[in-house]
1. Could you sort T213, T156, T267 by their accessible area in this structure, using a 1.4 Å probe and putting the largest first?
2. What is the magnitude of the charge dipole of region 122-253 about its Cα centre, with +1 placed on the Cβ of each Lys and Arg, -1 on the Cβ of each Asp and Glu, and no other charges, expressed in debye to the nearest 20?
3. I want to make sure I understand the PRE zone here: with the label point 7 angstrom from the Cα of T90 toward its beta carbon, which residues in region 224-248 have backbone N atoms less than 12 Å away?
4. Of the options W243, T70, L111, report the single residue whose Cα projects farthest towards the positive end of the charge dipole of the chain (beta-carbon charges: Lys, Arg +1; Asp, Glu -1).
5. Taking H placed 1.01 Å from N in the peptide plane, check which residues at least 5 places from D215 or on another chain put their amide H under 5 Å from its amide H.
6. With r as the distance between the Cβ atoms of T246 and D72 and R0 = 25 Å, compute the FRET efficiency 1/(1 + (r/R0)^6) and round to 0.05.
7. Mind listing the phi-derived Karplus ³J(HN,Hα) values for region 165-181, rounded to whole Hz, using 6.51, -1.76 and 1.60 with θ = phi - 60°, and x for any glycine or proline?
8. Taking the Cα centre of each part, how many Å lie between region 163-207 and region 44-115?
Amino acid sequence: MLCPRNAMLIAAIFLALSRNAPAQDVSSEPPRTEAEKRALFEQVVANQKKNDQALEVYERIERVELRKNTSDPKSAEVKISRVVPAGTGTDRIPVGPGGKPTDAAAYRAELKKLEHMLAWAAESGRAQQDAYAKIAKKRKERNELIDATREALVFTFVAREPRGDRILAKYRFAPNSAYKPTSRATAFFSRVRGFVWIEEASSQLARVEGEVTEDISLGLFLAKIYKGSYFMQERYEMAPGLWLPTYSQYDFDGRKFFTSFSIHEKTFHSQYRRIGPPREALLAIRSELGTPATTTAGP
């Protein structure tokens with residue numbers, strides 16, 4: 001089965017990604033010129049990179065609801081976790097509703113494991129350097145994929161819509177027939193289309209929703225995402241100038257080798273709190289544990 005977290009690479013393809021009916025334009029302001037639109041999306045891309053990197057220093061609570069298929073009225077499984085960035089990885093500590101521990105002893109044991117992870121990540125040895133180099137490589141690949149959306153997709157203004165006290169500009173996107181893919185990943189752009197909602201005042205991505213229009217092959221064609229697979233995400237401002245996910249949905253069907261897989265999950269992201277890079281996060285976790293700040297934890 002394809003790991004849901006690996007599916008984030010596919011999700012990145014939808015930077016720009018409704019099954020919604022055509023929306024009524026709530027503003028008489030005319031759509032932007034091509035030059036203005038290009039400048040807008042340049043800034044959206046820059047902000048998106050900054051927002052994604054912030055997830056490396058912000059902890060949050062994630063509630064994941066898993067279903068066997070999209071028509072299931074109830075979740076087959078629900079997982080609630082405290083998600084804490086740990087420098088070279090991310091730790092997920094099981095919690096109950098509201099992000100509260102259900103077993104104090106088990107929760108403390110998980111915090112102790114996290115303390116060791118952070119202490120290791122805060123060191124500057126060769127192993128840590130190698131681990132951070134891998135993280136930097138993955139970030140660079142994701143940023144290049146986000147950059148490619150500006151040329152690989154064509155954005156067409158649809159309408160302006162209200163969301164709470166903000167006005168969002170809705171754009172339809174479709175593959176750019178003139179775009180020449182530079183990698184297997186960027187070739188995916190020719191097989192997706194959908195809508196993106198932008199808050200123009202801040203140049204921030206507020207919502208993205210898209211669908212796979214043709215089967216997508218992965219990993220030397222050993223895996224495939226089927227036509228009709230769907231992704232959407234909602235983002236809100238969590239701190240000044242920082243827009244982070246509050247809701248994500250994946251409905252992916254496909255196969256890996258000769259085995260079919262199906263990913264149908266909804267994730268609710270809440271209780272964001274800046275915990276900082278490993279050295280800073282280590283102090284916060286040790287404080288939570290009641291451990292003196294000078295105590296040294298091994299790798």
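The values are calculated or read from the model by the stated rules, or taken from the named source; none is laboratory data. The model shown is predicted, which means the values in this text are computed figures rather than measured ones. Note that each Cβ is placed from the backbone with ideal geometry, even for glycine, and that neighbours are counted across all protein chains shown. These area figures cover heavy atoms from the full protein model, side chains too; ligands, DNA and RNA do not enter into them. Shrake-Rupley method; radii C 1.70, N 1.55, O 1.52, S 1.80 Å.
1. T156, T213, T267
2. I would put it at about 360 debye.
3. 245-246, 248
4. Comparing the listed Cα positions along the dipole, L111 ranks first.
5. K227
6. 0.65
7. Per residue, the Karplus-derived 3J(HN,Hα) values read 9, 10, 10, 10, 8, 9, 10, 8, 10, 8, x, 8, 5, 8, 6, 9, x Hz.
8. Measuring centre to centre over Cα atoms gives 26 Å.
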